[in-house]
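To start, the structure under review is shown below, and the notes come after it.
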Amino acid sequence: MATIEVAMSALGCEPPCEGCGRAWGRGEIMHAVLWHDGEPAGWYCGACIQRWNDTGDPRPKPEK
């Protein structure tokens, strides 16, 4: 289990999304996620947060 600790706007120079690996666009909302034990899980985009809520996994399915 994980929780969103904070959300902030990207400047466009941050490391990529932990879920999909996509670079952040300036002004895009980044979500800082923590595991249940307080360890950081990383920064995730809105699409990965939604996918995580829907499927339990923030990573997109690999394309075939």
Only residues in the range 1-22 that are in contact (Cβ under 8 Å) with a residue 40 or more places away in the chain and more than 22 Å from residue 37 (Cβ to Cβ) count as the first member; pair them with residues that are not aliphatic (A, V, I, L, M) and not in a loop (DSSP other than H, G, I, E, B), Cβ under 6 angstrom, at least 6 apart or cross-chain, and list the lot. 20/48
Within the range 12-64, residues being surrounded by 11 or more Cβ atoms within 10 Å (Cβ to Cβ), out of contact with any Pro (no Cβ under 9 Å at 6 or more places or on another chain) and within 13 Å of residue 2 (Cβ to Cβ) number 5
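Does the range 51-59 include one or more residues that are assigned to a strand (DSSP E or B) and aromatic (Phe, Trp, Tyr)? Walk me through how you get there before you give the answer.
We begin by selecting, within the range 51-59, every residue assigned to a strand (DSSP E or B); these are none.
No, the range 51-59 has no match at all.
Only the coordinates and a few stated rules stand behind these numbers; no lab work does. Here the structure is a predicted model, which is why all the values come from computation and not from measurement. Neighbour counts run over all protein chains shown; Cβ positions are idealised from the backbone, glycine included.
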